[in-house]
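Novice: For reference, the structure I am asking about is given below.
The values are calculated or read from the model by the stated rules, or taken from the named source; none is laboratory data. Just so it is clear, the structure is predicted and the values come from calculations on it, not from any experiment. Every residue, glycine as well, gets a Cβ built from its backbone with ideal geometry; the counts of neighbours run over all protein chains shown.
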Amino acid sequence: MNPTNLKEVIESLRKELAEQPNSADIHCNLGIALAESGDLNSAIKCYQDAVNIESRHIPAYTNLGSIYRSLGKTEEALVVFEKIIELDSGEVSAYVNLGSLYKEKGDLNRAETNYQKAVRLLPNDRNAYFNLGNALRYEGDVKVAIQCYRKATAIKPDFVAAHYYLANALKDAKRIKESADSYAQVIALLRSPLGHNTNGVHMFRMSVAHKAECLYELGEADALRKFITDSAKIDQANIRLATLSAFASHQYKVKDLYPFCGDPLSMIKIDNISTRFTDFEKFKTKLITYLNGIPQVWEPSNATTKQGFQTEDQLFDLQNDMLKQLEEIIWQKINQYYSEFKSLPSTFTSKWPAQRKMKSWYVRLVQGGHQDPHMHNLGWLSGVVYLKTIVSPIKEEGSIEFGLHGYDYKIINENLPSKQHQPNDGDIVLFPSSLFHRTIPIRQNTDRSVIAFDLMPDS
């Protein structure tokens with residue numbers, strides 16, 4: 001929720017509470033709003049007030065227990081979730097939380113007992129099993145999550161999402177052959193990326209890529225090459241498959257059979273945009289001050305940023321003149337990039353998106369900050385603009401390194417190619433989204449600020 005709107009909600013709830021001080025629901029709702037604003041101590045008091053007014057107010061107990069968990073107060077959280085079970089022995093989420101808390105304490109037997117109780121309480125409903133599987137996988141109990149996904153697919157054999165998440169859970173559990181078979185089931189059900197919504201396209205492409213990764217991990221080189229060849233006949237724009245294919249072809253010392261981008265390391269473009277501004281130093285200082293004031297997340301769970309902050313990926317949607325000016329320059333550099341590389345034979349250039357959009361986000365790394373090797377499977381062309389870099393870097397700190405290896409792919413041939421760039425303020429780096437890249441950890445007590453972006457097909 002927007003911080004301004006959240007403040008208005010809190011003020012409104014406080015007024016309601018002044019008129020109805022004995023309303024447990026209002027106390028609970030105010031606690032939710034305060035927790036979202038980051039005021040956890042006040043939220044705790046609201047939840048405690050709610051259960052003091054209404055001793056069986058399970059939503060207040062649940063939220064109170066969740067806050068205790070987030071604060072690492074394991075014993076307090078255990079008391080709360082045990083209380084919920086005492087009030088309602090059929091409350092599935094309480095058993096899941098108890099299982100996770102006991103797992104954190106190292107009591108795996110009691111953790112398993114509570115997870116299994118949650119499973120037994122579910123009705124014979126595919127969505128219930130699917131949702132619990134997701135919750136358990138998030139909590140780190142892959143074993144019981146797999147049971148839930150299997151129950152969901154047994155009830156509805158063509159439940160694509162359940163097959164997909166089952167495959168992911170099996171991959172997490174290092175049950176690679178079973179995982180490959182489950183990905184194959186998703187591929188068979190969806191058949192191609194065509195005719196599906198965005199989620200369906202994502203599940204198809206990721207299932208194809210993950211099955212290829214499984215075949216590589218299993219050492220089935222011939223089966224992998226055939227699978228990549230067959231997959232290319234259906235879809236030549238699977239970015240993650242392109243990543244695996246480029247790596248595997250290097251490891252096996254054979255031609256890359258996937259046509260997206262055969263030599264991504266040769267398609268890195270480095271430029272500098274500081275001369276596009278009358279006073280770049282003033283511009284970037286003002287922009288960084290603005291960016292540091294918008295909502296950011298420390299080490300977001302869905303990103304590779306470590307020891308750093310990151311915003312959501314709609315940066316250029318903000319109504320800010322500095323960002324608009326920078327966005328225009330980035331689009332110009334993207335067009336120049338395409339003009340330079342468009343004659344090269346690859347799907348990357350021949351199928352360059354006619355309808356396209358851009359996702360963008362701000363990243364600020366502090367001392368120790370880095371990013372592990374990753375690629376952008378939803379992108380086409382990726383890039384980064386460096387606003388603040390490391391002055392007098394030590395041992396390449398803060399530099400960007402490109403390579404073919406990442407995601408713990410098994411290394412057969414250790415002679416891995418890579419390229420590295422030590423950036424300066426104002427540098428812009430453009431590269432295919434299928435290319436692995438990472439940031440070398442920052443050693444000094446300083447920070448590094450960039451705007452990263454993906455050019456994506458808008459369809």
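Novice: Residue 152 - would you say it is in contact with a Lys or Arg (Cβ under 6 Å, 6 or more places away or on another chain), assigned to a helix (DSSP H, G or I), without any contact (Cβ under 8 Å) to a residue 40 or more places away in the chain and within 17 Å of residue 186 (Cβ to Cβ)? Walk me through how you get there before you give the answer.
Specialist: On the way: in contact with a Lys or Arg (Cβ under 6 Å, 6 or more places away or on another chain): yes; assigned to a helix (DSSP H, G or I): yes; without any contact (Cβ under 8 Å) to a residue 40 or more places away in the chain: yes; within 17 Å of residue 186 (Cβ to Cβ): yes.
Taking the combined requirement at face value, the residue satisfies it.
Novice: Hey, any hits in segment 412-420 for a residue that's touching a strand residue (DSSP E or B) at 6+ places or on another chain (Cβ under 7 Å), surrounded by 15 or more Cβ atoms within 10 Å (Cβ to Cβ), not hydrophobic (A, V, I, L, M, F, W, C) and not assigned by TED's automatic domain parsing to the domain that holds residue 243?
Specialist: Scanning segment 412-420, I find at least one residue that is touching a strand residue (DSSP E or B) at 6+ places or on another chain (Cβ under 7 Å), surrounded by 15 or more Cβ atoms within 10 Å (Cβ to Cβ), not hydrophobic (A, V, I, L, M, F, W, C) and not assigned by TED's automatic domain parsing to the domain that holds residue 243, so the answer is yes.
Novice: What's the total number of residues in segment 228-255 that are of a type outside the set (A, V, I, L, M), buried (at least 17 other Cβ atoms within 10 Å of the Cβ) and under 23 Å from residue 416 (Cβ atoms)?
Specialist: Going through segment 228-255, the residues of a type outside the set (A, V, I, L, M) turn out to be 229-231, 233, 235-236, 238, 240, 243, 245, 247, 249-253, 255.
Keeping just the survivors that are buried (at least 17 other Cβ atoms within 10 Å of the Cβ) gives 231, 235-236, 238, 240, 243, 245, 247, 249-251.
Filter again for under 23 Å from residue 416 (Cβ atoms), leaving 238, 240, 243, 245, 247, 249-251.
Final tally of qualifying residues: 8.
Novice: Can I ask one more? Working only within segment 407-459, note down all residues that are within 24 Å of the chain's Cα centre (by Cα) and free of Cβ contacts under 8 Å to residues at least 12 places away in the same chain.
Specialist: 408
Novice: Conditions first: (1) within 21 Å of the chain's Cα centre (by Cα); (2) surrounded by fewer than 16 Cβ atoms within 10 Å (Cβ to Cβ); (3) of a type in the set (Phe, Trp, Tyr). Residue 316 passes all but one, so which condition is the exception?
Specialist: Result: residue 316 fails condition (2) only.
Novice: Same structure again: Which of the residues spanning segment 439-459 are in a loop (DSSP other than H, G, I, E, B), farther than 18 Å from residue 303 by Cβ and not polar (S, T, N, Q)?
Specialist: Applying the first criterion (in a loop (DSSP other than H, G, I, E, B)) to segment 439-459 yields 440-447, 458-459.
Right, trim to farther than 18 Å from residue 303 by Cβ and you get 443-446, 458-459.
Selection gives 443, 458.
Novice: Also: Given the options 306, 286, name the one that is basic (Lys, Arg), touching a strand residue (DSSP E or B) at 6+ places or on another chain (Cβ under 8 Å) and surrounded by fewer than 16 Cβ atoms within 10 Å (Cβ to Cβ). Outline the logic, then answer.
Specialist: Numbers: 286 fails: touching a strand residue (DSSP E or B) at 6+ places or on another chain (Cβ under 8 Å).
None of the others qualify; the one that does is 306.
Novice: Against the condition touching a residue at least 12 places away in the same chain (Cβ under 8 Å) and either assigned to a loop (DSSP other than H, G, I, E, B) or surrounded by fewer than 23 Cβ atoms within 10 Å (Cβ to Cβ) (or both), how does residue 195 come out, does it pass? Can you show your working first?
Specialist: On the way: touching a residue at least 12 places away in the same chain (Cβ under 8 Å): no; either assigned to a loop (DSSP other than H, G, I, E, B) or surrounded by fewer than 23 Cβ atoms within 10 Å (Cβ to Cβ) (or both): yes.
No, not satisfied.
Novice: Right, next: Which ones in segment 270-321 are among the small types (Gly, Ala, Ser) and touching a helix residue (DSSP H, G or I) at 6+ places or on another chain (Cβ under 8 Å)?
Specialist: Applying the first criterion (among the small types (Gly, Ala, Ser)) to segment 270-321 yields 274, 293, 301, 303, 308.
Selection gives 274 alone.
Novice: Assuming residue 399 fulfils every condition listed in (1) polar (S, T, N, Q); (2) closer than 30 Å to residue 174 by Cα; (3) surrounded by 15 or more Cβ atoms within 10 Å (Cβ to Cβ); (4) without any contact (Cβ under 8 Å) to a residue 60 or more places away in the chain apart from one, which condition is it?
Specialist: (2)
Novice: When residues of segment 321-374 are filtered for being without any contact (Cβ under 8 Å) to a residue 40 or more places away in the chain and acidic (Asp, Glu), how many remain?
Specialist: Of the residues in segment 321-374, 3 are without any contact (Cβ under 8 Å) to a residue 40 or more places away in the chain and acidic (Asp, Glu).
Novice: Something else: Just give me the residues in segment 411-438 being under 24 Å from residue 276 (Cα atoms) and assigned to a loop (DSSP other than H, G, I, E, B), in sequence order.
Specialist: The answer is 422, 423, 424, 425, 426.
For (1) crowded, with 23+ Cβ neighbours inside 10 Å; (2) within 21 Å of the chain's Cα centre (by Cα); (3) among the charged types (D, E, K, R), each residue gets a yes or a no:
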| site | (1), (2), (3) |
| --- | --- |
| 152 | yes, no, no |
| 158 | no, no, yes |
| 167 | yes, yes, no |
| 178 | no, no, yes |
| 182 | yes, no, no |
| 207 | yes, yes, no |
| 218 | no, no, no |
| 221 | no, no, no |
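Novice: Conditions first: (1) farther than 24 Å from residue 401 by Cβ; (2) surrounded by 14 or more Cβ atoms within 10 Å (Cβ to Cβ); (3) under 18 Å from the mean Cα position of the chain (by Cα). Residue 361 passes all but one, so which condition is the exception?
Specialist: Of the numbered conditions (1) farther than 24 Å from residue 401 by Cβ; (2) surrounded by 14 or more Cβ atoms within 10 Å (Cβ to Cβ); (3) under 18 Å from the mean Cα position of the chain (by Cα), the odd one out for residue 361 is (1).
Novice: Find the residue count for segment 387-429, including only residues that are under 17 Å from residue 451 (Cβ atoms) and in contact with a helix residue (DSSP H, G or I) (Cβ under 7 Å, 6 or more places away or on another chain).
Specialist: Residues in segment 387-429 being under 17 Å from residue 451 (Cβ atoms) and in contact with a helix residue (DSSP H, G or I) (Cβ under 7 Å, 6 or more places away or on another chain): 5 in total.
Novice: Still on this model: Can you pull out the helices (runs of 4 or more DSSP H) entirely within segment 1-53 that have at least 2 residues that are at negative phi, surrounded by 12 or more Cβ atoms within 10 Å (Cβ to Cβ) and acidic (Asp, Glu)?
Specialist: Working: elements: 3-19, 24-37, 40-53.
Ranges flagged: 3-19, 24-37.
Novice: Of everything in segment 332-356, what is modelled with pLDDT of 95 or more, loosely packed, with under 14 Cβ neighbours inside 10 Å and more than 18 Å from residue 261 (Cβ to Cβ)? Give them in sequence order.
Specialist: Correct list: 332, 335, 336.
Novice: Can you tell which of 362, 338, 386 is closer than 23 Å to residue 245 by Cβ and of a type in the set (Phe, Trp, Tyr)? Steps first, answer last, please.
Specialist: Details: 362 fails: closer than 23 Å to residue 245 by Cβ; 386 fails: closer than 23 Å to residue 245 by Cβ.
On inspection, the qualifying residue turns out to be 338.
Novice: For segment 54-80, give me the residue count where each residue is under 29 Å from the mean Cα position of the chain (by Cα), of a type in the set (A, V, I, L, M, F, W, C) and either in a helix (DSSP H, G or I) or under 20 Å from residue 113 (Cα atoms) (or both). Let's see the steps before the verdict.
Specialist: Of all residues in segment 54-80, those under 29 Å from the mean Cα position of the chain (by Cα) come to 59, 62-74, 77.
In the following step, the residues that additionally are of a type in the set (A, V, I, L, M, F, W, C) were identified as 64, 67, 71, 77.
Next cut, either in a helix (DSSP H, G or I) or under 20 Å from residue 113 (Cα atoms) (or both) only: 64, 67, 77.
Matching residues across segment 54-80 total 3.
Novice: So, residue 189, is that one surrounded by 15 or more Cβ atoms within 10 Å (Cβ to Cβ) and either closer than 23 Å to residue 383 by Cβ or touching an Asp or Glu at 6+ places or on another chain (Cβ under 9 Å) (or both) or not? Lay out the reasoning, then the answer.
Specialist: On the way: surrounded by 15 or more Cβ atoms within 10 Å (Cβ to Cβ): yes; either closer than 23 Å to residue 383 by Cβ or touching an Asp or Glu at 6+ places or on another chain (Cβ under 9 Å) (or both): yes.
For residue 189, the condition - surrounded by 15 or more Cβ atoms within 10 Å (Cβ to Cβ) and either closer than 23 Å to residue 383 by Cβ or touching an Asp or Glu at 6+ places or on another chain (Cβ under 9 Å) (or both) - is met.
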